[in-house]
Amino acid sequence: MSKLHAATTDTAPSEWIAIVAVSRNNVIGKGMELPWRLSSDLKRFKRLTMGHCLLMGRKTFESIGRPLPGRKSFVLSRQSDPKANFADVTFLRSLDEVEALIPPDKHLMVIGGSQIFELAWHRCTQLWLTRVQADVEGDVYLPPIDWSQWSLISATHLEAGEKDQWPTEFQQWKRRPICSPQ
């Protein structure tokens with residue numbers, strides 16, 4: 001436990017939560033963009049992440065194009081001197097650096113891309129997954145998930161509509177406790 005977290009005992013420790021939309025064929029991106037139009041999911045993303053910290057890779061940050069208001073962004077990058085200089089955006093090189101900077105009363109929302117999910121899976125205790133009910137073309141894929149480590153907590157279906165190109169199901173998963181051998 002870092003000194004930052006140990007110094008504050010009256011609040012719950014921060015939690016790492018992966019939040020991602022994925023198609024039936026495991027696509028999460030195409031050409032630095034989302035491969036769908038899902039207004040309801042973007043609104044849910046904003047509501048769930050507002051006031052918390054975001055973790056993303058450099059390509060994801062560049063695809064968004066700006067810091068997201070009301071959220072502190074941590075961008076994991078191998079570049080030692082990123083050219084971008086924004087308020088509320090910190091460029092870091094390791095997950096340990098990120099861990100040390102998360103306020104204990106905030107969650108860290110892991111938002112992608114693929115390499116960041118792969119690096120951070122083992123630290124995530126929750127997975128908030130929007131399953132897009134379509135096969136789409138793309139060039140960025142969600143890394144494999146060992147579903148035996150997760151329990152489905154809830155699922156909400158949403159039909160396609162004027163502002164939602166495809167039907168979706170929003171699922172909340174919680175990591176199962178690890179049982180130690182006795």
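Does ASP135 satisfy the criteria of being surrounded by fewer than 17 Cβ atoms within 10 Å (Cβ to Cβ), under 18 Å from GLY29 (Cα atoms) and modelled with pLDDT of 95 or more? Taking the combined requirement at face value, the residue satisfies it.
Of the listed requirements (1) within 19 Å of the chain's Cα centre (by Cα); (2) in a strand (DSSP E or B), HIS157 misses just one: (1). In the range 152-182, the qualifying residues are those that are of a type in the set (Ser, Thr, Tyr) and loosely packed, with under 12 Cβ neighbours inside 10 Å, and the one that is nearest to PHE45 (Cα to Cα) is THR156. Screening ARG58 on (1) within 14 Å of the chain's Cα centre (by Cα); (2) at pLDDT 95 or above shows it passes everything except condition (2). Considered as a group, the residues in the range 108-146 that are more than 14 Å from ILE17 (Cα to Cα) and without any contact (Cβ under 8 Å) to a residue 24 or more places away in the chain include one that is nearest to the chain's Cα centre (by Cα), and that residue is PRO144.
Number of residues in the range 128-146 that are outside any loop (DSSP other than H, G, I, E, B) and among the hydrophobic types (A, V, I, L, M, F, W, C) equals 4.
Results for (1) surrounded by 15 or more Cβ atoms within 10 Å (Cβ to Cβ); (2) over 21 Å from LEU129 (Cβ atoms), shown as yes or no for each residue.
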site: MET50; (1), (2): no, no
site: LEU54; (1), (2): yes, no
site: ARG58; (1), (2): yes, yes
site: ARG66; (1), (2): no, yes
site: LYS72; (1), (2): yes, yes
site: ARG78; (1), (2): no, yes
site: ASP88; (1), (2): no, yes
site: SER94; (1), (2): no, yes
site: GLU99; (1), (2): yes, yes
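Within the range 10-25, the only residue that satisfies the criterion of being crowded, with 18+ Cβ neighbours inside 10 Å and at pLDDT below 95 is SER14.
Taken over the range 96-137, the criterion of being in contact with a helix residue (DSSP H, G or I) (Cβ under 6 Å, 6 or more places away or on another chain) and within 15 Å of GLU15 (Cβ to Cβ) is satisfied by PRO104, MET109, VAL110.
Among the residues of the range 101-111, are any within 24 Å of LEU68 (Cα to Cα) and exposed (fewer than 13 other Cβ atoms within 10 Å of the Cβ)? Among the residues of the range 101-111, not one is within 24 Å of LEU68 (Cα to Cα) and exposed (fewer than 13 other Cβ atoms within 10 Å of the Cβ), which makes the answer no.
Residues in the range 24-41 that are of a type in the set (Gly, Ala, Ser) and under 10 Å from THR130 (Cβ atoms): SER40 alone. Among the residues of the range 21-45, those that are over 20 Å from CYS124 (Cβ atoms) and charged (D, E, K, R) comprise ARG24, LYS30, GLU33, ARG37, LYS43.
Being among the β-branched types (Val, Ile, Thr) and either modelled with pLDDT under 95 or exposed (fewer than 14 other Cβ atoms within 10 Å of the Cβ) (or both) is a property that does not hold for ILE116. The C-beta contact set for the range 72-85 (first residue within 20 Å of GLU99 (Cα to Cα) and at pLDDT 75 or above, second residue in a strand (DSSP E or B) and of a type in the set (Phe, Trp, Tyr), distance under 9 angstrom, 6+ apart or interchain) comprises PHE74/PHE91; VAL75/PHE91; LEU76/PHE91; SER77/PHE91; GLN79/PHE91.
The values are calculated or read from the model by the stated rules, or taken from the named source; none is laboratory data. Small disclaimer: the values here were computed from a predicted structure and weren't measured. Glycine gets a Cβ as well: all are built from the backbone with ideal geometry, and neighbour counts include every protein chain shown.
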